[in-house]
Amino acid sequence: VLGLGDKGGPLDRRGGTFVDWNTDAYHYQESTDPLYKSIPFLITLSADGYAVGVFVDDPGRATFDVGHRDPDALTVEGPSEPLDLYLIDGPTLADVVTRYTALTGRAPLPPRWALGYHQSRYSYASAAEVRAIARRLRAARIPADALWLDIDYQDRLRPFTVNTGAFPDFAGLVHDLKDMGFALIAITDLHVAAAPDQGYAPYDSGVAGDHFVYRADGSRYVGEVWPGPSVFPEFTRASTRRWWGDLYADFVRDGVAGFWNDMNEPAVFDSPTKTFPADVRHRIEEPGEPVRTATHAEVHNVYGMQNSRATAEGLARLRPDERPFVMTRATYAGGQRYAVTWTGDDSSTWNHLKLSIPMLLNLGMSGFAYAGADVGGFIGDPSPALLTRWIEVGAFLPIFRDHAAKGSARKEPWVDGPRQTAIRRRFIEARYRLLPYWYALADVQSRLGHPLVRPVFYDYPDALAAPCDASTAFLVGSALLVAPPPDLESPGRYRVCLPAGDWYDYWSGARVAGDAQATRDPEASGGGAARGRALELTPALERLPVFVRAGTVLPRQPLVESTAQVPTGALDLEVYVGPDCRGLLYDDDGHSLGYQRGEYRRQRVTCAPAGRGWRVTFEPADGAYTSWYRRVRVILHGWSARSATATWNGTPLRIVSGDTPQVGLARPDAGGTLEVQPRMLH
Ligand code: MIG
């Protein structure tokens with residue numbers, strides 16, 4: 001049983017009881033529940049791989065007993081009646097995710113920079129410090145795209161203000177960072193300082209528009225949060241969401257690229273329940289709906305999503321041709337339409353790194369394809385090895401943001417000396433080389449809902465019966481299998497099960513030999529023909545095993561310092577020959593909505609055996625966008641010839657033969673066929 005967002009514990013929810021009630025879960029542990037978000041969606045998967053989705057659309061408190069009291073029963077308690085329950089038929093897990101995201105929405109294509117490396121800390125406290133971090137990333141040649149401003153950039157912690165003492169020329173800072181290839185992301189919490197008659201516009205305009213929530217006795221609710229006594233927007237009203245979205249106008253004019261909506265469970269310091277008291281009321285006012293009043297309990301779990309919705313819709317109005325970027329902490333089913341998310345205040349421990357993997361995989365299958373865990377762990381001081389491992393794993397997860405709590409050790413990649421920095425840089429570079437692959441996955445996700453990272457059995461159902469400890473193994477797309485040690489800190493050898501078919505070592509390009517893997521139930525997995533391989537691996541800190549499925553066309557790009565830099569050189573197409581061989585190229589300008597008007601470039605590439613050689617077929621490129629590369633370099637893995645010939649649409653072409661034959665082509669917009677054959681020796 002999968003899903004329920006990022007609740008802790010193992011990937012399989014069976015045997016657990018879970019509560020949906022959005023909660024500021026500072027210092028959560030593996031068994032802490034509830035956490036920040038509520039995604040009341042589960043997928044049951046039978047041993048033969050048949051999947052059925054169960055979506056309980058109710059934003060009030062709910063309890064899910066997943067075979068805990070009765071192993072054969074899924075019991076949901078709490079939602080209001082009549083119940084909005086959706087059953088989503090498979091047959092496959094991927095079908096269920098596609099249908100669930102058709103119902104609740106898919107994450108739109110993010111700006112390309114969102115897929116780069118993000119550097120954050122609570123807090124970079126002055127413009128000078130932010131500039132120093134930016135310069136250091138560049139000087140250390142660590143590719144990076146985004147810098148984050150946590151709450152201390154604000155005046156007295158009031159949302160939509162800037163502490164001009166520490167940030168004297170905010171617009172200048174944003175501008176200079178942009179020149180260096182950095183997007184700046186600023187936090188804007190939802191609690192508005194209750195500061196009448198002080199010229200604090202969010203309060204004044206909010207009161208004027210009657211945008212804050214009331215208690216049952218008719219008084220405006222005031223709760224204590226970062227700015228002191230605060231009032232809270234009525235995000236359940238369309239007019240309030242509009243007012244909120246307009247608050248971003250100044251930051252947008254300054255060039256701030258994205259926004260962070262934290263504390264929106266909502267979190268309140270001086271409330272015994274840590275959130276709104278039960279007598280807070282919400283006005284529900286939506287065009288086309290009857291106007292009514294709801295108790296807080298009725299809408300609690302959707303409040304944070306409506307906050308992020310107000311932000312995203314505001315940005316879309318303020319910058320109509322740009323893709324909004326919002327990260328939210330609390331959210332609900334469907335919130336993926338508005339914001340990316342992260343797993344909140346994790347800790348700098350090996351177990352938290354391990355835990356983050358099933359959390360992010362279940363989030364992905366719950367519709368949230370864009371999510372990350374704070375790299376390095378938010379609370380605490382990671383050992384050099386832990387921070388290095390976290391960066392390695394984070395490089396293969398969708399949102400790749402290093403973040404750290406106030407008072408905790410510094411967690412920027414360079415803090416543990418040159419040896420660790422070199423390893424970390426290598427993995428961040430690996431992320432950047434693979435950006436064309438990530439971006440193509442983002443395109444597919446926006447159209448079909450497939451999460452960018454997913455369990456191995458998402459694409460290879462036989463893995464359900466594999467005899468290896470797969471708790472930390474995961475896929476990036478269907479082509480890459482990442483296999484961190486299951487006990488991340490242990491030097492003990494471990495077994496990785498590779499699904500049926502051949503696999504290549506991503507780092508060396510070598511075909512992987514392993515033992516044929518005995519599945520637990522050869523009948524269920526189709527017998528011997530479907531058997532994969534089991535590999536025994538020895539962990540080493542500087543290595544993270546990554547495998548490529550034989551039958552993959554994997555695009556990679558030359559190294560850049562950020563996605564703002566146009567790569568120089570050719571696009572590499574690493575062709576790992578094998579059955580059902582395919583890959584996807586997707587490109588566009590990386591930031592605008594032009595792709596919705598046809599300004600994209602999408603091209604499918606396949607490969608197939610041809611005589612004693614191989615044929616690589618480019619379908620004609622679709623769309624009106626011209627990509628940055630003029631040439632494509634095709635690199636063949638798994639086929640070698642001491643001497644080989646190549647033709648492009650029948651015309652001879654220069655080929656570099658050997659173990660990994662290489663051929664250069666002009667960008668094949670019209671499509672075409674590359675054929676590589678061994679040279680006949682006389
Ligand atoms: O009460 O903004 O989870 O990422 O650094 C803490 C300060 C508020 C909690 C977030 C964390 C962020 C911190 N915030």
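Here are some notes:
- Proxy reagent accessibility, fewest Cβ within 10 Å first, across 535, 674: 535, 674
- Proximity of backbone amide H atoms, modeled 1.01 Å from N, is registered between residue 550 and 502, 503, 504 at under 5 Å, excluding neighbours fewer than 5 places apart on the same chain.
- Cα centroid separation - segment 396-411 against segment 532-549, whole Å: 25 Å
- Pairs of Cα atoms nearer than 8 Å and 6+ residues apart set the relative contact order; for segment 127-204 it is 32 percent.
- Entry note, segment 361-459: relative contact order of 35 percent, from Cα contacts under 8 Å with a spacing of 6+ residues.
- Each Lys and Arg contributes +1 and each Asp and Glu -1, all at the Cβ; summed about the Cα centre of the chain, the dipole is approximately 2600 debye.
- Here segment 331-366 is scanned for amide nitrogen atoms under 20 Å from the site 7 Å beyond the Cα of residue 83 along Cα-to-Cβ, giving 333-334.
- Shape analysis of segment 104-196 places it in the oblate category; the axes a ≥ b ≥ c from the Cα gyration tensor give an a/c of at least 1.5, with a/b not above b/c.
- Cβ-based exposure ranking for 52, 616, in which fewest neighbours within 10 Å come first: 52, 616
- Ellipticity at 222 nm from helices only: DSSP H runs of n ≥ 4 in the chain, each -39500 (n - 2.57), divided by the residue count, give -6500 deg cm²/dmol.
- Relative packing of peptides 358-370, 419-431 - highest average C-beta neighbours within 10 Å first: 358-370, 419-431
- Label-point separation, residue 270 to residue 29 (7 Å along Cα→Cβ), nm: 3.2 nm
- A cut-off of 5 Å between modelled amide H atoms, ignoring neighbours fewer than 5 places along the same chain, links residue 645 with 677, 679.
- At R0 = 56 Å, FRET efficiency that the Cβ-Cβ distance of residue 68 and residue 656 yields, to 0.05: 0.40
- The residues packed around residue 660, meaning those with a beta-carbon under 12 Å from its beta-carbon, carry a net charge of -1 if Lys and Arg are +1 and Asp and Glu are -1.
- Between the C-alpha center of segment 331-357 and that of segment 165-182 there is a gap of 29 Å.
- Distance between the 7 Å Cα→Cβ label points at residue 322 and residue 538: 5.1 nm.
- Residues 541, 353, 397, sorted so that the one with the fewest Cβ neighbours within 10 Å comes first: 541, 397, 353
- Listed cross-link partners 7/178; 37/354; 7/411; 37/178 are compared with a 28 Å cut-off, the Cα-Cα value being larger for 7/178; 37/178.
- Shape call, segment 1-82: gyration tensor on alpha carbons, a/c limit 1.5: oblate
- Integer Hz, Karplus 6.51/-1.76/1.60 couplings in order for segment 638-643, x for Gly and Pro: x, 9, 9, 8, 4, 9
- Estimated inter-spin distance, residue 210 and residue 289, nm [label 7 Å along Cα→Cβ]: 1.8 nm
Just so you know, all these numbers are worked out from the coordinates, no wet-lab data involved. Values in this document were obtained by computation on a predicted structure and should not be read as measured data. Positions of Cβ are generated from backbone atoms using ideal geometry, with glycine treated the same way; all protein chains shown enter the neighbour counts.
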